[in-house]
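What follows is a short report on a single structure.
Just so it is clear, none of the values below were taken in a lab; they were calculated from the coordinates. If you're wondering where the values come from, they're calculated on a predicted model, not measured in any experiment. Cβ: placed from backbone, ideal geometry, glycine included. Neighbour counts: every protein chain shown.
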There are 2 protein chains.
Amino acid sequence: MFKNFKMFRRYYNSSAKSIANVLKNKESGDFISVQGWVKSMRKMKENVFFDVSDGCSEKRLQILLNNSLKPTDLTPGSSIIAKGKLSLSPKGDLELNAEEVKVLGECIVSEGYPFAPKKQYNADYIRQYLHLRSRTNKFSSVLRIRDAATFAVHEHLHEQGYINVHTPILTSNDCEGAGEVFTVFPDNKETLKQMSKPNQSKEEAYFNSKVFLSVSGQLHLEALSHGISKVYTFGPTFRAENSRSRLHLSEFYMLETETAFMSDIKQLTDHIENMVVEMTKKILNKYPEDLKKAQDIEVDLSWVNKKFPILTYEEAVDIAKQRDVSFNSEEGFTKEDEMFIVKHCGNIPTFIIDWPKEKKPFYMKECTHDSTKVDALDLLAPNVGEVVGGSLRENSYEKLKENLPSENLEWYLDLRKFGSVPTGGCGLGFERYLQMILGISSIKDVIPFPRWPHNCNL
Amino acid sequence: MFKNFKMFRRYYNSSAKSIANVLKNKESGDFISVQGWVKSMRKMKENVFFDVSDGCSEKRLQILLNNSLKPTDLTPGSSIIAKGKLSLSPKGDLELNAEEVKVLGECIVSEGYPFAPKKQYNADYIRQYLHLRSRTNKFSSVLRIRDAATFAVHEHLHEQGYINVHTPILTSNDCEGAGEVFTVFPDNKETLKQMSKPNQSKEEAYFNSKVFLSVSGQLHLEALSHGISKVYTFGPTFRAENSRSRLHLSEFYMLETETAFMSDIKQLTDHIENMVVEMTKKILNKYPEDLKKAQDIEVDLSWVNKKFPILTYEEAVDIAKQRDVSFNSEEGFTKEDEMFIVKHCGNIPTFIIDWPKEKKPFYMKECTHDSTKVDALDLLAPNVGEVVGGSLRENSYEKLKENLPSENLEWYLDLRKFGSVPTGGCGLGFERYLQMILGISSIKDVIPFPRWPHNCNL
């Protein structure tokens, strides 16, 4: 009785500890209990050795169990609770001498589990099993790096005094052809019938107007930036394009910032460079091992210590012509051009500024030194090409009014009518950023549940 | 020339400083330059006094300007740059003796600016001008508290070892009637034509199946929690209901967590209580002034130092009957019942556990002590009633299979077939949480761009 109580006591205090915590804070001789999934197993004469992960870090704990105590359903992929005493392995690592291992859920390949132990699968195969993908070593590292990057965004922008606002997903602005859009309406026919007015299409019944999924939070962010001078939004945006490239999704994440009292494109390039570098440094410093495990190829991130080159559009065109003399500026840079330009600049993310006005949307600000140009920028990066787009915004009421593409945007004009300020903003494609630091070819492999044409599983 | 250079130098170093920064780090005698919007003005014999805010904090800087230097278009709401020397006001506060004030954008009520100086407007009036709402004092405080709460979520859950994952907005699960859903399809008829196959409705053409906006990330979160044992998602969710209550929106934010190896409802109530209390403490400690300014009424938050009561469903019914003897358990608790129960428990957020099985969805776990009950919980809070819902999830493959509402969910069953673990999770209605700590009556006034039936402005 007393002995049982002591047994209970010695496990009790550690029952909730994560594996990372055990490896960091416990020492040889401590009694602990851990929970997780079996990663790999090696059977020896007397003992079975296996690694356990709880998925909250890349850390694993090796467990050593006498063959006589091994449950029959202990296989890679199964979930377990193990209790025992920590000791040092011959290599000097902490390992658990298990007194008891309990299998919570078995995992049997012959019953349909798609990942056999010791086998390597390619990303296309693993992606067929989205609901099980977080159990694979590689993808769980990707998920943790995605989390690290997300937190780094919030941390960095708060350090810089920015306020996180939530721009809407549903919008009645059709975004002026910034991309093809999805329309939204209630699925329930009864609701539609109740709510519709005479002469309304069913797409208009619920909201009194057609409503779309946002392709960008920029215009809403600009509105908020006229009261709170530094704002950002970070969330999903949508494109209904029929594109299946390795760089496009129908649902993807964008980080957008808008800064009031910004009147020089140089302030915007500094802001973006600082953001991309600091996010990446935070990940490099805090999660170097997970970063390596998540990478598809070895990625050179030495650009975090270099200055990003800035090219004018004209300079970039000249470089593109070195690749292809028939470069057609009408059609703009191809993905190959973008890659070539970045390579030409030493594989450092590279800004292109001073864009011809006709290539960019109505809200971008005319350059003071050249009225045929706008203060727009693209940031091109290794592996992905364009990763950030941005501009100073036209803050002259008169000029904006002249070019306003829709009456629907009277409210946007109001921003320049009352307490107007120069602002500048940008949008970073979050998945492309992850592809860029992870060297992952397909955008579908850096987001938990990718959606693209003809694919919306789960 | 030299003098000009010195003038330039003395402003240059402080040109990017926020007002909060000036008030914290500068002192009387320093030359500074600030940017912002004029909040209030008082004209005196010799000078005009006005407060300036940059919106990034609730802090304002008082500026004193000789009437002879006052630009004619300096009015409340206008945007300005001011330069000068800091000094101490008679009250001992830092104020700016301006040498120069430049109006960047005028703001004239007679030209249509809807907020006249010194006038108080009610929330319904202000809400008509969503694009200008961030300029009002009250709503800018609400936006900053929303930001503070958002950051507190990320900070707290990372401190607890949770990984932030992004569950999808677009889903082919119709969420088993968890609420009425929105359907999504491309707006462009050409795209639809290109992509549709014979016998497909236009709703199915793009993704090969009907696709909906997510009403909850729970099922996807559960999938991920079987590889990463502590996960959360925080983002917009959607309901296509025809409801115009003060507590419902068509687009609202939910914080959802899922924790593997959680097998006792007490672990879940502890997790939720800890989360709600720690989020609130972070806001109270870091932003006490903004919190007060954002509040509609004085809100008693002393519950952050109290234990949240836990009632069983039966106990809660008994309390509801004290309010209304004809309480009908078939219909469940009304909002009035919920408020009464919270009041009865001392206006402390109150858990209700042990729910009758037939009142809750298929995935909730049967109580071990009573097979007619499930291990579900609601957290009721002052001002809003239900603010969190949650449960342990049924992890028995057999029991779940019996109750699975749709073949579409075979993948969900797979989670219990391979490496199954007990899990528990919850969803916190983020806007309701804000209403609860701010005492704000309408949910439309705690989100930047509210969407509800017949309303999707901007």
Zone reached by a paramagnetic label modelled 7 Å from B:Arg323 Cα along Cα→Cβ, restricted to segment B:423-437 with backbone N below 17 Å, covers B:436
Scoring chain B by relative contact order with C-alpha pairs under 8 Å, at least six apart, yields a percentage of 13
Amide H contacts under 5 Å for A:Ile163, restricted to residues at least 5 apart in sequence or on another chain and with H modeled in the peptide plane, are A:Lys230, A:Val231, A:Tyr232
Ranked output for segments B:153-163, A:218-228, B:425-435 by mean other Cβ atoms within 10 Å, highest leading, reads A:218-228, B:425-435, B:153-163
Expected sort for A:247-254, A:375-382, B:365-372, B:260-267 on mean C-beta neighbours within 10 Å, highest first, is A:375-382, A:247-254, B:260-267, B:365-372
Here the net charge surrounding B:Ile310, from other residues whose Cβ is less than 12 Å away from its Cβ (Lys, Arg +1; Asp, Glu -1), is -3
In the neighbourhood of B:Asn67 defined by beta carbon distances under 13 Å, the net charge of the other residues (Lys, Arg +1; Asp, Glu -1) is +3
Under the helix-only model (-39500 (n - 2.57) for each DSSP H run of 4 or more, divided by the residues of chain B), the mean residue ellipticity at 222 nm, to 500 deg cm²/dmol, is -9000 deg cm²/dmol
Partner shielding of B:95-106, as the mean number of partner chain Cβ atoms within 10 Å, equals 2
For A:Lys401, counting only lysines whose alpha-carbon sits under 23 Å away and dropping same-chain residues fewer than eight positions off, the answer is A:Lys357, A:Lys359, A:Lys360, A:Lys365, A:Lys373, A:Lys417
For B:Glu251, the net charge from surrounding residues (Cβ-Cβ under 9 Å; K, R +1; D, E -1) works out to +2
Note to self: C-alpha centroids of segment B:30-69 and segment A:18-65 sit apart, in Å, by 62
Given unit charges at Cβ for Lys, Arg (+) and Asp, Glu (-), the dipole magnitude of the protein assembly as shown about its Cα centre in debye, nearest 20, is 2160
Taking a straight Cα-to-Cα line shorter than 19 Å from A:Lys24, and setting aside same-chain lysines fewer than 8 residues away, one finds A:Lys59, A:Lys83, A:Lys85, A:Lys91, A:Lys286, B:Lys230
XL table A:Lys202/B:Lys202; B:Lys282/B:Lys307; A:Lys43/A:Lys293; A:Lys444/B:Lys399; Cα-Cα > 24 Å flagged, in table order, is A:Lys43/A:Lys293; A:Lys444/B:Lys399
Which residues qualify? For A:Gly84, with a placed amide H closer than 5 Å and at least 5 residues away or on another chain, they are A:Ile32, A:Glu99
Helix B:313-323 sits off the longest principal axis of the Cα atoms of chain B, rounded to the nearest 10 on a 0 to 90 degree scale, by 60
Inter-copy distances for A:Lys210, label 7 Å out on the Cα-Cβ vector, sorted ascending, nm, one decimal, are 2.2
Restricting to Cα pairs under 8 Å and 6 or more apart, the percent relative contact order of segment B:2-111 works out to 25
Residues whose built amide H sits under 5 Å from the amide H of A:Val374, excluding neighbours closer than 5 in sequence, are A:Trp355, A:Lys357, A:Cys367
Calc'd 3J(HN,Hα), segment B:425-435, phi into Karplus 6.51 cos²θ - 1.76 cosθ + 1.60 (θ = phi - 60°), Hz, glycine/Pro = x, comes to x, 8, x, 9, x, 5, 5, 5, 4, 5, 4
Per-residue average of other protein chain Cβ atoms inside 10 Å, peptide B:294-303 -> 0
Once phi for every residue in segment A:89-104 is put through the Karplus expression 6.51 cos²θ - 1.76 cosθ + 1.60 (θ = phi - 60°), the whole-Hz ³J(HN,Hα) values, with Gly and Pro written as x, are 6, x, 7, x, 8, 5, 9, 9, 7, 6, 8, 8, 10, 10, 7, 7
The simple spin-label model distance between B:Glu410 and B:Lys281, using points 7 Å out along Cα→Cβ, in nm, is 4.9
Label points for B:Lys281 built 7 Å along Cα→Cβ; distances to same position in the other copies, nm, shortest first, come to 3.2
Here segment B:59-66 yields Karplus 3J(HN,Hα) values (6.51, -1.76, 1.60; θ = phi - 60°; whole Hz; Gly and Pro given as x) of 5, 10, 10, 7, 10, 10, 9, 5
With one decimal in nm and the nearest listed first, the spacings from A:Ser89 to its own position in the other copies, using label points 7 Å along Cα-to-Cβ, are 6.6
